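The values are calculated or read from the model by the stated rules, or taken from the named source; none is laboratory data. Bear in mind the structure is a predicted one, so any value in this text is a computation, not a measurement. Using ideal geometry, Cβ is built from the backbone for each residue, glycine included, and neighbour counts are taken over all protein chains shown.
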Amino acid sequence: MSGLHVTGLDFAYGSRPILKGVGFAPLPTGKLTALIGPNASGKSTLFRLIAGLLKPNGGQVHLGDQDLAKLSTRKRLQQVCFMPQFFTANAALTVFDVVMMAQKQLRGWKVSSADIDAVAEALHRGGIGHLSEAYVSELSGGQSQMISVVQALVRRSDVYLFDEPTSALDLRHQLDVLGRIRDAIADRQVTGLVALHDLNLAARFADHLILLGEGRILAEGPPDTVLRSDAIARTYGVEIEVTEGPRRDLLVHAY
Amino acid sequence: MPDTPLLGPSASDIATGYRKSITKRILIVGSAIAVLCLTVLLDIVSGPFDASIGRVIQVILQPTVATTNEAVVIWDLRLPVALMAVAVGAMLGVAGAEMQTILNNPLADPFTLGLSSAASFGAALAIVLGWSLIPGVGGLFVTVNAFVVAMLTSLGLFAFTRLRGVSPEAMILVGIAMLFTFNALLMFLQYGASEIQLAQLIFWQMGSLARATWEKVGICVALLAVVLPYFVYKSWALTALRMGEDKAAALGVNVSGLRLAVLAGVSLLSAVAVSFVGAIAFVGLVGPHIARMIVGEDQRGFLPLSALCGALILSGTSIASKSITPGVVYPIGMITSLIGIPFFISLILTQRKRHWQ
């Protein structure tokens, strides 16, 4: 399965244009791509367009040779896994229930023994096994975000879209969750696209960066190139310096 | 990143925990069914005509052994009433459960959408003005009128959602507007009604199982047999809806389509229930809440237990309505509220978790 690519996507909410001709070449499979850009630059909208939850005014989304617009919404969402990161958490559902829901993908009433084992394994690996029997209404923002990631990873899709998967997490869990996402993408040899605000995390975990701003793609490439480009400082409206950290990692400083 | 040890229970412990909770859920549903059988039997036994439980079971299993009296009392009078209580209770329980789910509102039940007051208005048209909205239905015209007006109301709700999109808030607001409209129309009719008509109307509104017949029981069961499998088929989608529209849509749920289809099913269930037994408050609201407190909102437990709770409440009410004063059968509408509400409040007070903050 070759990667996801997008050509000339246009989208507007009413008369307010959000995306203007967004396109990128096929994303490499097995590698993590980070989508960066300031607030309201259209990152979430781009994800919804790729997932098919919004209809573009123009342009296409392809997965390999397949034009995704030709699939039914249901089929498309099985191939493209998009998990909004927060949920209204007033339901009397346990953490196990909601991950099972993602595992089942709306198929059939019955839960097989294999389903139960798969969900239990996913919860255990996700480090939220101790929450298995807690109701989702009792969770903190960070915990519900971790559950969203587990919900996404329990599914078997060709493309994974994560919208800000670490915004409510502490340092350790940020590293934990992004590490798990990167490993899963590499193991499954699928396409992974993560929207991130933290440029340091993007530099650390992503193999490829896409900078979105003013409804267009302003820069694209390996972190080293994109983070050192002029476009990034201009887009964010701050001065940016990139240095090398103690473990040969890139550090982004903003002034 | 250091390889941090994973804390918490092992995968097999988690799986075992979930399997236990499923077993527990099956046991709860099983015992609810057992208790329901018991209340149905008690319902048949209780009343002015004395019959022992043993004799009743014998007559039900072997109709030929019954004396003429027993056959009439048990088969023609009490069994339809007892089964009607179960069927209508289940219908209201399921209707309330799914209304609360699709509207994301804990107060949703057939009353909230104006269906009950629409049915009352339909009945009033028949009782006060003698109108029959569907000609040729004979003595059933009160019931048929109630049903027709209730269904027209939900059609109106449908049309509205077509125009304005299917947001739960809008649906509830329109439902409440319907409720007040029909209440006003009802008062209008009551104002012009004679004393006898007024008494008849109020009695109808209070709700009664005494109008039960085998045909009505059959209609209720047939309807449940059509609607329940659909809800079962959509169970994961409905569970997903409780996580918010966004999440459900990301899982591939067609949210507005689901809302409309479920609204259709729920309207049918409540319109039939209300037109057969009158406006019974409380069952559709509280049955699902009790079920939610016991098994949570995974539809695979929530749906059957909501039906069973509704059935149990109404079956229990049917017994109570005959037992409070010997020889008098009280209207069930007021009993459901009188007995159920203290029970419900005690449940709320003793509950650890609150899900509708």
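Assorted remarks:
- Once segment B:207-253 is narrowed to residues that are outside any helix (DSSP H, G or I), over 30 Å from B:Val81 (Cα atoms) and among the basic types (Lys, Arg), the residue that is farthest from the other protein chains (Cβ to nearest Cβ) is B:Lys234.
- Criterion violated by A:Gly192 - all others in (1) assigned to a helix (DSSP H, G or I); (2) touching a residue at least 12 places away in the same chain (Cβ under 8 Å) satisfied: (1)
- Scope segment A:165-184; condition buried (at least 17 other Cβ atoms within 10 Å of the Cβ) and not basic (Lys, Arg); matching residues: A:Pro165, A:Thr166, A:Ala168, A:Leu169, A:His173, A:Gln174, A:Leu175, A:Asp176, A:Val177, A:Leu178, A:Ile181, A:Ala184
- The set of residues from segment A:110-119 being free of Cβ contacts under 8 Å to residues at least 12 places away in the same chain, more than 8 Å from every other protein chain (Cβ to nearest Cβ) and in a helix (DSSP H, G or I) comprises A:Ser113, A:Ala114.
- In segment B:254-268, the residues that are surrounded by fewer than 19 Cβ atoms within 10 Å (Cβ to Cβ), assigned to a helix (DSSP H, G or I) and either more than 14 Å from chain A (Cβ to nearest Cβ) or in contact with a helix residue (DSSP H, G or I) (Cβ under 9 Å, 6 or more places away or on another chain) (or both): B:Val255, B:Ser256, B:Leu260, B:Ala261, B:Ala264
- Failed condition for A:Lys75, given (1) part of a helix (DSSP H, G or I); (2) within 17 Å of A:Arg155 (Cβ to Cβ); (3) in contact (Cβ under 8 Å) with a residue 24 or more places away in the chain: (3)
- Within segment A:151-181, tally of residues that are under 24 Å from A:Leu63 (Cβ atoms), in a helix (DSSP H, G or I) and either away from every other protein chain (no Cβ under 12 Å) or of a type in the set (A, V, I, L, M, F, W, C) (or both): 5
- Selection over segment B:44-63 of residues that are closer than 16 Å to B:Ile319 by Cβ and surrounded by 12 or more Cβ atoms within 10 Å (Cβ to Cβ) gives a count of 8.
- Of note, B:Gly192 satisfies the criterion of being surrounded by fewer than 16 Cβ atoms within 10 Å (Cβ to Cβ), at pLDDT below 90 and of a type in the set (Gly, Ala, Ser).
- The residues listed here are B:Ala97, B:Ala118; of these, the one that is at pLDDT 90 or above and within 11 Å of the chain's Cα centre (by Cα) is B:Ala97.
- Pairs where the first residue, in segment A:95-109, is more than 7 Å from every other protein chain (Cβ to nearest Cβ) and of a type outside the set (A, V, I, L, M, F, W, C) and the second is assigned to a helix (DSSP H, G or I) and surrounded by 21 or more Cβ atoms within 10 Å (Cβ to Cβ), C-beta under 7 Å, 6+ apart: A:Gln103/A:Val119; A:Gln103/A:Val154
- For segment A:233-252, the set of residues classified as out of contact with any His (no Cβ under 9 Å at 6 or more places or on another chain), free of Cβ contacts under 8 Å to residues at least 60 places away in the same chain and within 19 Å of A:Leu212 (Cα to Cα) consists of A:Ala233, A:Arg234, A:Val238, A:Val252, listed by residue number.
- Where a residue in segment B:68-90 is among the small types (Gly, Ala, Ser) and its partner, wherever it lies, is surrounded by fewer than 17 Cβ atoms within 10 Å (Cβ to Cβ), with Cβ under 6 Å and at least six apart: B:Ala87/B:Val221
- A:Leu212 vs. criteria in contact (Cβ under 8 Å) with a residue 12 or more places away in the chain, buried (at least 19 other Cβ atoms within 10 Å of the Cβ) and aliphatic (A, V, I, L, M): yes
- When we screen B:Gly333, B:Gly278, B:Gly284 for residues that are under 30 Å from B:Pro48 (Cβ atoms), crowded, with 24+ Cβ neighbours inside 10 Å and either charged (D, E, K, R) or under 17 Å from the mean Cα position of the chain (by Cα) (or both), the only hit is B:Gly278.
- Selection within segment A:132-153 - free of Cβ contacts under 8 Å to residues at least 60 places away in the same chain and either surrounded by 23 or more Cβ atoms within 10 Å (Cβ to Cβ) or among the polar types (S, T, N, Q) (or both): A:Ser132, A:Val136, A:Ser137, A:Ser140, A:Gln143, A:Ser144, A:Met146, A:Ile147, A:Val150, A:Leu153
- Out of A:Gly237, A:Gly245, one residue alone is modelled with pLDDT under 90, small (Gly, Ala, Ser) and in contact with a Pro (Cβ under 8 Å, 6 or more places away or on another chain). It is A:Gly237.
- Test: residue in segment A:122-140 that is closer than 23 Å to A:Ala186 by Cβ, more than 7 Å from every other protein chain (Cβ to nearest Cβ) and in a helix (DSSP H, G or I): yes
- If you check B:Leu186, B:Leu140 for being touching a residue at least 60 places away in the same chain (Cβ under 8 Å) and under 24 Å from the mean Cα position of the chain (by Cα), only one passes: B:Leu186.
- Those residues of segment A:1-40 which are among the small types (Gly, Ala, Ser) and within 26 Å of A:Asp198 (Cα to Cα), in sequence order: A:Gly3, A:Gly21, A:Gly23, A:Ala25, A:Gly30, A:Ala34, A:Gly37, A:Ala40
- Residue match in segment B:197-216 (condition: out of contact with any strand residue (DSSP E or B) (no Cβ under 8 Å at 6 or more places or on another chain) and farther than 21 Å from B:Phe141 by Cα): no
- Among the residues making up segment B:254-284, those that are closer than 30 Å to B:Ala82 by Cβ and β-branched (Val, Ile, Thr) are B:Val262, B:Val266, B:Val272, B:Val274, B:Val277, B:Ile280, B:Val283.
- Residue that is modelled with the lowest pLDDT, among those in segment A:56-85 that are surrounded by 17 or more Cβ atoms within 10 Å (Cβ to Cβ), farther than 17 Å from A:Ser2 by Cα and facing another protein chain (nearest Cβ under 10 Å): A:Gln85
- For segment B:347-355, the count of residues that are more than 14 Å from chain A (Cβ to nearest Cβ), surrounded by fewer than 23 Cβ atoms within 10 Å (Cβ to Cβ) and either free of Cβ contacts under 8 Å to residues at least 24 places away in the same chain or closer than 24 Å to B:Trp236 by Cα (or both) is nonzero.
- Exactly one residue out of B:Ala87, B:Ala97, B:Ala66 is touching a Cys at 6+ places or on another chain (Cβ under 6 Å) and surrounded by 15 or more Cβ atoms within 10 Å (Cβ to Cβ): that is B:Ala87.
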